[in-house]
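Q: Handing you a structure now.
The values are calculated or read from the model by the stated rules, or taken from the named source; none is laboratory data. Bear in mind the structure is a predicted one, so any value in this text is a computation, not a measurement. FYI the Cβ positions are ideal-geometry reconstructions off the backbone, even for glycines, and counts take in every protein chain you see.
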Amino acid sequence: MDRQRTRSAHALTLAGPALLLGLALATQAQSSSRLPLTATRYNVPLVEAAIQLQREQASLKAEVVALRAELDDVLRQQAALGGRAAAIQPEIERLQRAVGLTPRSGAGVVVTLDDARLPAGAPPRAIEAGIIHSQDITDVFNAAWRAGAEAISVNGERITSASACVGAVIQINGTLLSPPFVINALGPRDQLYAALIDARELNDLKRRRDAFGTGLKIERGDVLEVPAFSGPIKIRFAQPTS
């Protein structure tokens, strides 16, 4: 009888912590299920505040694009009146196109990068290899430029000489991006496609795709859209005109 009481006491003693642990795990799982993808992927502190700031930034960048479009209209109206403005307008438009301030559309290739779908118990080395890093995205940019790309964007962000792809939490033009990363590269479609599928290009990505399931898909595209650059323009040198 005493032995049964002792067993019952032990069972009740263990049941309390087990119940509390179960409630804690359930609460954590429920909270995690409500977090956005960036939170579960990167485990970034204060991620909800960061995402709110990103929304505000996106709104401001859209406003910048709209104001630049209004300025372009004013310049075109001035050029229509003739004189000096009309003479320099073609050069202004050429420079805007060269630095990515005008949207582009046309044929090219679409490269989609995504994290591997690995189980939670996978080895750390496999998980690390299965994640898309900023260097992977930069490698695609460089390969596309070498192959003759004329304009590139990733997840709606135009890539220019002022762009930067940095960090474990991938940011481009100051905007936080989440996978999948869809890269549009405009230019000679077949030439771009042949270069990117060549075994000598993107070989690390292709190796990790085959070994760990890292997402890498290269497709031809007939009508691709690349938006205008919406980030700040940093002027390093200037020369006054007479």
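Q: Report yes if some residue within region 69-79 is small (Gly, Ala, Ser), touching a Cys at 6+ places or on another chain (Cβ under 8 Å) and either at pLDDT 90 or above or not in a loop (DSSP other than H, G, I, E, B) (or both); otherwise report no.
A: The answer is no; no qualifying residue exists.
Q: Which residue is farthest from ILE170 (Cα to Cα), if the candidates are limited to region 102-126 and must be touching a strand residue (DSSP E or B) at 6+ places or on another chain (Cβ under 9 Å) and either in a loop (DSSP other than H, G, I, E, B) or of a type in the set (Asp, Glu) (or both)?
A: PRO103
Q: Out of (1) assigned to a loop (DSSP other than H, G, I, E, B); (2) in contact with a strand residue (DSSP E or B) (Cβ under 9 Å, 6 or more places away or on another chain), what's the single condition that is false for ARG97?
A: (1)
Q: Within region 184-199, does at least one residue satisfy the condition of being modelled with pLDDT under 95 and in the same structural domain as THR112 (by TED's automatic domain parsing)?
A: Yes, region 184-199 has at least one match.
Q: Give the residues of region 126-156 that are in contact (Cβ under 8 Å) with a residue 60 or more places away in the chain and over 16 Å from ALA116 (Cα atoms), sorted by residue number.
A: ASP139, VAL140, ALA151, ILE152, SER153, GLY156
Q: Quick one: count up the residues across region 175-205 that are of a type outside the set (Asp, Glu), free of Cβ contacts under 8 Å to residues at least 60 places away in the same chain and surrounded by fewer than 16 Cβ atoms within 10 Å (Cβ to Cβ).
A: Of the residues in region 175-205, 6 are of a type outside the set (Asp, Glu), free of Cβ contacts under 8 Å to residues at least 60 places away in the same chain and surrounded by fewer than 16 Cβ atoms within 10 Å (Cβ to Cβ).
Q: Now a separate question. Restricting attention to region 139-169, which residues are in contact with a strand residue (DSSP E or B) (Cβ under 9 Å, 6 or more places away or on another chain), part of a helix (DSSP H, G or I) and surrounded by fewer than 16 Cβ atoms within 10 Å (Cβ to Cβ)?
A: The answer is TRP145, and nothing else.
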